[in-house]
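Contents: one structure, followed by commentary.
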Ligand SMILES: Nc1ncnc2c1ncn2[C@@H]1O[C@H](COP(=O)(O)OP(=O)(O)OP(=O)(O)O)[C@@H](O)[C@H]1O
């Protein structure tokens, strides 16, 4: 049985989630840390730190210690995890001591990158750490029958990566990972606005634009939004109106890349499993799955049904938590 000292962690590029069996998701915050660079102390972690991005005085920086699904700054990640454990303990009402942890890694991570994730979680006080591949966790979290010999296709569009995996009989049959996800889409929007309007906007504004008027490559009713930034010619603040048609253009290249990756993965599917895909379709998960029109556009392009996971932003965390009890049955985790 899973106790509260057994937790699942979705250590994502954009968000970090902690799952406990009795309470479900007990923490869901941005993977951001605010640091005082003078004395190297951590000032804030999570939501509070994210609200500081791009707004801090010189000596304080708000950083994201993960990039493309893997650790970019080991020490800051470990510190973030320590603070996350403290916050999660507060939510539970008692201290999480030396927990047994299942944490996800991108399928495309190298052995060194996997080791770093394991060490960082251990460094935050965990007694034992087991890794699970992110698409497998996402599939478990989305209630797919991963243990059966049928093809479960998962398209997980996170902040740093998009992973497309075919899972059958408890394992990954075929998988492709690209380092394009929600962060790249934000960057696409920053670059578009810069080139088209000579206006500099921050990554948080770009993310808001993506969520509000972002649009996959499919016909839709046009929406608009006012945004503010710094005019690169005059140096002064300026407001412009952006439309969903423009953002559709800005996101085109990244979306086509994601589509190509899905196609390539499906083309590599063993023929015995291809029939399942026609019947069962593809499950879309990760925060990027929520982009307006994405589900319809993808089903139009790949001509198989595309379903949205019940909780795209939470599937991986739920899957890591659920898999902990299965792992206990299968192997002793030290
Ligand atoms: N409604 C929305 N429309 C478009 N994108 C969204 C929406 N909501 C969230 N996102 C994006 O989803 C991304 C975060 O998704 P998620 O939490 O699944 O990523 P992650 O697990 O942290 O990243 P990774 O799996 O790459 O490590 C962010 O880029 C965020 O901007």
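The values are calculated or read from the model by the stated rules, or taken from the named source; none is laboratory data. All values reported here derive from a predicted model rather than from experimental measurement. Cβ sites come from the backbone with ideal geometry, for glycine too, and all protein chains shown count toward neighbours.
In table form, for the structure just shown:
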{"read-out": "Residue count for segment 282-303, restricted to those that are crowded, with 16+ Cβ neighbours inside 10 Å and not in a helix (DSSP H, G or I)", "value": "8"}
{"read-out": "Segment 264-279, residues that are surrounded by 14 or more Cβ atoms within 10 Å (Cβ to Cβ) and touching a strand residue (DSSP E or B) at 6+ places or on another chain (Cβ under 9 Å)", "value": "265, 266, 269, 273, 276, 277"}
{"read-out": "Residue check, residue 98 more than 30 Å from residue 248 (Cα to Cα) and either touching a residue at least 24 places away in the same chain (Cβ under 8 Å) or outside any helix (DSSP H, G or I) (or both)", "value": "yes"}
{"read-out": "Filtered residue count, segment 68-83, keeping only those that are closer than 18 Å to residue 19 by Cβ, buried (at least 20 other Cβ atoms within 10 Å of the Cβ) and in contact with a strand residue (DSSP E or B) (Cβ under 6 Å, 6 or more places away or on another chain)", "value": "1"}
{"read-out": "So residue 105, is it assigned by TED's automatic domain parsing to the domain that holds residue 326, within 16 Å of the ligand (Cβ to nearest atom) and surrounded by fewer than 15 Cβ atoms within 10 Å (Cβ to Cβ)", "value": "no"}
{"read-out": "Qualifying residue in segment 82-89 (condition: within 16 Å of the ligand (Cβ to nearest atom) and in contact with a helix residue (DSSP H, G or I) (Cβ under 8 Å, 6 or more places away or on another chain))", "value": "no"}
{"read-out": "Subset of segment 50-82 (residues that are closer than 23 Å to residue 184 by Cβ and in a helix (DSSP H, G or I))", "value": "50, 76, 77, 80"}
{"read-out": "Only listed residue being at pLDDT below 95, within 16 Å of the ligand (Cβ to nearest atom) and at negative phi, chosen from 209, 172", "value": "172"}
{"read-out": "Hits in segment 5-36 (condition: surrounded by fewer than 18 Cβ atoms within 10 Å (Cβ to Cβ) and modelled with pLDDT under 95)", "value": "5, 21, 22, 23, 24, 36"}
{"read-out": "Selection count, segment 229-243, where residues are closer than 13 Å to residue 196 by Cα and out of contact with any helix residue (DSSP H, G or I) (no Cβ under 9 Å at 6 or more places or on another chain)", "value": "2"}
{"read-out": "Scope segment 23-49; condition closer than 21 Å to residue 312 by Cα and either away from the ligand (no atom under 14 Å from the Cβ) or not in a loop (DSSP other than H, G, I, E, B) (or both); matching residues", "value": "23, 24, 25, 26, 27, 28, 29, 30, 47"}
{"read-out": "Residue selected from segment 227-281 under the condition assigned by TED's automatic domain parsing to the domain that holds residue 151 and outside any helix (DSSP H, G or I), by the criterion farthest from residue 150 (Cα to Cα)", "value": "268"}
{"read-out": "Subset of segment 53-64 (residues that are closer than 10 Å to residue 35 by Cβ and buried (at least 20 other Cβ atoms within 10 Å of the Cβ))", "value": "62"}
{"read-out": "Residue in segment 183-191 that is surrounded by fewer than 22 Cβ atoms within 10 Å (Cβ to Cβ) and over 25 Å from residue 138 (Cβ atoms) present", "value": "yes"}
{"read-out": "Tabulated pairs, segment 300-311, first farther than 16 Å from residue 267 by Cα, second part of a strand (DSSP E or B) and at pLDDT 95 or above, C-beta under 6 angstrom, 6+ apart or interchain", "value": "306/282; 306/284; 307/283; 308/284; 309/283; 309/285"}
